[in-house]
Amino acid sequence: MKIYTRTGDKGMTGLIGGRVRKDSVRVEAYGTVDELNSLVGQAIALMDRSKHKEMIDDLTEIQHELFDAGSDLALVKAPEGMQLPYKITADMVTRLEQWIDRYDAECPPIKRFVLPGGTPVSAALHVCRTVARRAERRVVTLAEQEPINEEVRRYLNRLSDFFFVAARAANVREGVGDVEYKRGGEVFR
């Protein structure tokens, strides 16, 4: 099988149920999810398995789910008489909340806003957080124009929270404190 097909040379791409322009809001949404997936892989590549085994396993599961989210976003039309076969579910969102709580329990109480940084792993997870927020914004825009799996939007919202606490936990595991924003007072009590 050849990697190149030449079918997109004129600015169109095939999705599940039709062809659209490569700059459509749908392609932008699932393309940003794909970008996020690559960044998660980069964060995993920075991790020492002896310190972050459970986090690596969780992030690898998230990579699979991001692929599923992209698939859900690439569905433009169900076959005649069928419902769209969505993959991202409410159970995945609930599980992310459980993971957030577990990693948050490793961290000291937060008092100030946290700047991205500390360890390379933490910084990479903060990049994932910001791209997850951008992916969520793209999905919100798409949902205003076309039907989507609403669980994808919820999943991405929770996922950015997950990356925030995972970044903090990564610093804790390396014995490095959060980089606090010092130009403001304590905002969390």
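The condition of being touching a helix residue (DSSP H, G or I) at 6+ places or on another chain (Cβ under 9 Å) and over 30 Å from R26 (Cβ atoms) holds for only one of R168, R158, R183, R154, that being R168. Inspect region 108-115 for any residue being touching an Asp or Glu at 6+ places or on another chain (Cβ under 6 Å) and either more than 20 Å from V40 (Cβ to Cβ) or at pLDDT 95 or above (or both) and give the result as yes or no. The answer is yes, given that some residue of region 108-115 is touching an Asp or Glu at 6+ places or on another chain (Cβ under 6 Å) and either more than 20 Å from V40 (Cβ to Cβ) or at pLDDT 95 or above (or both).
Residue by residue, here is whether (1) open to solvent by less than 30 Å² (accessible area, probe 1.4 Å); (2) in contact (Cβ under 8 Å) with a residue 60 or more places away in the chain; (3) in contact with a Leu (Cβ under 7 Å, 6 or more places away or on another chain); (4) under 27 Å from E186 (Cα atoms) holds:
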| position | (1), (2), (3), (4) |
| --- | --- |
| G70 | yes, no, no, no |
| L75 | yes, yes, yes, no |
| Q83 | no, no, no, no |
| L96 | yes, yes, yes, no |
| D101 | no, no, no, yes |
| R112 | no, yes, no, yes |
| V121 | yes, yes, yes, yes |
| T130 | no, no, no, yes |
| R138 | no, yes, no, no |
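Among the residues of region 147-189, those that are more than 30 Å from K53 (Cβ to Cβ), open to solvent by 50 Å² or more (accessible area, probe 1.4 Å) and under 21 Å from the mean Cα position of the chain (by Cα) comprise P147, E150, R153. Checking each residue in region 148-175 for being farther than 19 Å from P116 by Cβ and of a type in the set (A, V, I, L, M, F, W, C) picks out I148, V152. I88 satisfies every condition listed in (1) open to solvent by 60 Å² or more (accessible area, probe 1.4 Å); (2) assigned to a loop (DSSP other than H, G, I, E, B); (3) closer than 26 Å to T141 by Cα except (1). Within region 38-51, none of the residues are open to solvent by 60 Å² or more (accessible area, probe 1.4 Å), in a helix (DSSP H, G or I), touching a Phe, Trp or Tyr at 6+ places or on another chain (Cβ under 9 Å) and touching a residue at least 12 places away in the same chain (Cβ under 8 Å).
The values are calculated or read from the model by the stated rules, or taken from the named source; none is laboratory data. Not measured: the values here are computed from a predicted model. For neighbour counting, all protein chains shown are included, and Cβ atoms are generated from backbone atoms with ideal geometry for every residue, glycine included. Accessible surface areas use protein heavy atoms only, side chains included; no ligands, DNA or RNA. Shrake-Rupley method; radii C 1.70, N 1.55, O 1.52, S 1.80 Å.
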